[in-house]
Structure formats: C-alpha cells, structure tokens
1. Along each principal axis of its Cα atoms, how long is region 298-439 end to end? Whole angstroms, biggest number first, please.
2. Taking H as built 1.01 Å from N, whose amide H comes closer than 5 Å to the amide H of V130, not counting residues under 5 places away?
3. With charges set only on the Cβ (+1 for Lys and Arg, -1 for Asp and Glu), what does the dipole of region 298-439 come to about its Cα centre, in debye to the nearest 20?
4. Determine, from the Cβ-Cβ distance of K423 and R49 and an R0 of 35 Å, the FRET efficiency 1/(1 + (r/R0)^6), rounded to the nearest 0.05.
5. Might you tell me the accessible area per residue for region 65-131, computed with a 1.4 Å probe and given in Å²?
6. Taking Cα centroids, how far is region 304-320 from region 84-142 in Å?
7. Rg (Å, one decimal) plus Dmax (Å, integer) for the alpha carbons of region 1-99?
8. What share of Cα pairs, in percent, lie more than 22 angstrom apart in region 72-177?
Amino acid sequence: MKTANLAIVFTDIKGFTERTSRQTLEENQRLLQVHEALLAPLFKAFGGRIVKSIGDAYLVTFESPTQAVLSGIAIQDRLWHHNRAVEAPEQLHVRVAINVGEVRLDGNDIFGEPVNIAARVEGIAEAGEVYFTEAVYLSMNKAEVPSKEVGAFELKGIPGKIRVFHVPRAPYRVEAPSAAAIAEAPGAETMPPFGNLALSRVAEAAAAPSGAAVDLSELGQRAAAGAAVISQRAAAQASVLGQQAAVLGRQARTVGGSLFSRGVAALPPKVQRHRAWVGVGVVALIAGVAMLAFGGDETVRAIKAVERAPEEERAALAKDVRTLIMKEEEAGRRNFLLGRLTEATGKPDDALKVYATAVKAGSRAAEDRLIEMLSHGRCDVRSDAASTVSRLQLQRAVSALEDLQEDGGPDDGSRTGLFGLSKCDSKQAAESALKGFKGR
C-alpha cells in the first residue's frame, strides 16, 4: 500500500446536528450548499485535495503544511465576511484542525494515526479558530503564519500528550478599516479575525467579494441535474428489482403452496381447522422475506446500486444519492441513510460516526446496524463499533459484545496503527466496551 507525508485538515460546523434538527429540509439543503460554496474553492486555491465530505465535515489533504494553515485562516476570514452579510440564523461558524504525518493511501481515501490525531484535535478546536499540532508547527513556514501554543492535551486513543497551537487573531492586520467599518457600533469587530492575511492571496473568483451573498443559481442547477440523474438510475434499478421480485413471487407461490399443503397435513387436527389463519401467516412470512430482499424505498435501492457499482463510479453516484438522502426531513432516518451510503462507498469506519449521530436522533435502525457491525469482517471496524455502542450506552448491544468478547474475529491480531506497530484485538475491545457500561 502506498504512503505519503501529507497535511490533514478536518473541518466541521459548530452545532450542525442540533441546527439541522430544528430547520426545514430546504434550510438544511441551503446550509450545506452555502457551506460547500464558501469552503471548497478555498481548499483548492491553496492546493488542497478534498478526500471526502460527510454532512458538515470535510477531510482535505495538502502537500504543504503552510498552505494547509493558510487555507484554514482564509476560510475563517471568508466566513467572517459572509456572516456579516446574513442574519444570525444563516451564519456559519466552523472549526478547523490540522495535523501532518505519513498516511496510507487506499484509492481515494487515506488512513493512519495522523488522520486520527487530526480528528481528535478537531474535537477540542473552537469555532472560528484554526488549531494545529506541534508536527505542523515544526514543519510549516513560521515567517508566513503567526502561531501561539494553546497547550498540551491528552487525546482519546493517542498515547502521550499532543502539543496544540493556533493562529492568533492579533495584532497583524493587512487591511486598513474602512470608514463604514469604523462607523459601526462600539465594540463590534470591524476587521476579519486574521486580517485577510491568507484570503488576500486568493484569486477573486475563489475568495468572492467581501460581504457578498453566495450565488446559489449554479448550485441549484447542479442539484437539479444530480436529482434527475439519480432518479433515472433509481428508476432503472427499480425496474430490474421489480422483475426479480416478480420471479421471486412466482417461485414463492409455487414453493410456498407445496410447503403449505404438506405442512398443514402434518399439523394436529385442532390446528388444521384454523388453516386459513395458518395461510395468512405463511403469506405474511413470504411478504416479509420479499421486503427484506428487495424492500426499502427509492433511496435504499439507490444506496444498494452504489454498493454494486464499480469502484471508480461510486464517488460520482454517491454524490447523487446524497442529494436524495438530504430530502429526508427526519434527522434520525437521514443520518442512518447517510451511514448506509458511507458503508456502500467502502468506508465502514466513517459510517460508525454517522450511525452514532443517527442513534442520538432516535434511529432504531442505526442501533441495529451498529450491533450488526460488531460482527464485521474487519477487526478495526469491530473494535470501533464496540467503542461506539459503549459510548452510546446501547444496552441492546451487550449480548453481541459478550459474543465478540468470547469469539473475536478471524483477523484479530492483524497489524494496525502507525507503521503497523500495534495489533488489532476486537476481543479486547469488546471487553473494554463492556466495562464501560453503567451497572456492570
């Protein structure tokens, strides 16, 4: 597997889950469209490659740590300009966290300890700030980016303490306050937090005029085109599934009728008198099997189509399906479907986080899926699933955890972590998870 030394950037929106749960579908869609329009051009302007985005979160890589930090402060200044031009409910406040290190490249995805550390630093970052690790501090060009240490932190799952830095907000300013800004109410912040230090380097097309509203017409056209594509694909898939279901139905009637006749004949006389009710039960069973095999709505079928698609086509298809999923108004179901889509693209470890969000929003289906993932074929996924259900205090998972603690998995002992120096042990992970449950 190939490796590369890269700067890893994580971003997310402060209060995203709570915010989307109280907004309308249209407001949520607009939020994500504006978020993409503001951030994506700046990532690219500084040489970043967007690895993936899940909901409000971005994972981006840069070859240069300096460029990674500059992109972060450009984003914060760009958001400052945007937030001044919109009402408070439409404002965006984003966290940015950066780490650097050698990561494993797997297709379009990246893995490794540096990625985990960046994600953990994002968890302690404040909205409107750019946090980065000591590794970034030591490797970046300090003449280009001011920095100040925040402190040393113990991060979950990371041995030792990690020194964390941020870009201070003063006293450097590269713009003089305008007359209009000076005339604002006393105490108001009249300049962007990082003085347009990085934003001033970006071409106007990427930066957008200060205070300008984001033009969503192009985004709307893209969304409509994407929705049309996915509708066509889903319709074609539904046609195939419908034909398969019809065949299954004919086979089920034939087999079921034979089984029913023989089964009823073998029943006691008292039960045979209620053969009509037995027949209803058989029909219900067959219907249930058909629903499990081919069931689900248009969105579920579309997710299955992504899973079956060639690897090189999945990313484009998944983007269309995500547009369809975001139409779901209920937060629990929406996040559950986003988790299934993430799995379908071959990222079960990322899906765990999305399922956890769905569980918090009340999704029973997400609970079931987390429990199922305790028997996943990959040791790291089983281990992370064990930690997730323990963190959520999912009592329904205790029995499955006990099974995992006893049996483990066929790949327990496989190498994992930075440079493969540690071994994966899902049995141990299950044992630790069980200890985390209250009352045990």
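1. Sorted from largest, the Cα extents of region 298-439 read 40, 36, 22 Å.
2. Here V167 satisfy the definition.
3. 440
4. The calculated FRET efficiency here is 0.65.
5. Heavy-atom SASA per residue in region 65-131 reads 33 Å².
6. 27
7. In order Rg, Dmax, the Cα atoms of region 1-99 give 14.1, 48 Å.
8. 40
The values are calculated or read from the model by the stated rules, or taken from the named source; none is laboratory data. Being a predicted model, the structure only gives us computed values, none of them experimental. As a convention, Cβ positions derive from the backbone with ideal geometry for all residues, glycine included, and neighbour counts pool all protein chains shown. Surface areas here come from the heavy atoms of the whole protein model, side chains and all, with no ligands, DNA or RNA. Shrake-Rupley method; radii C 1.70, N 1.55, O 1.52, S 1.80 Å.
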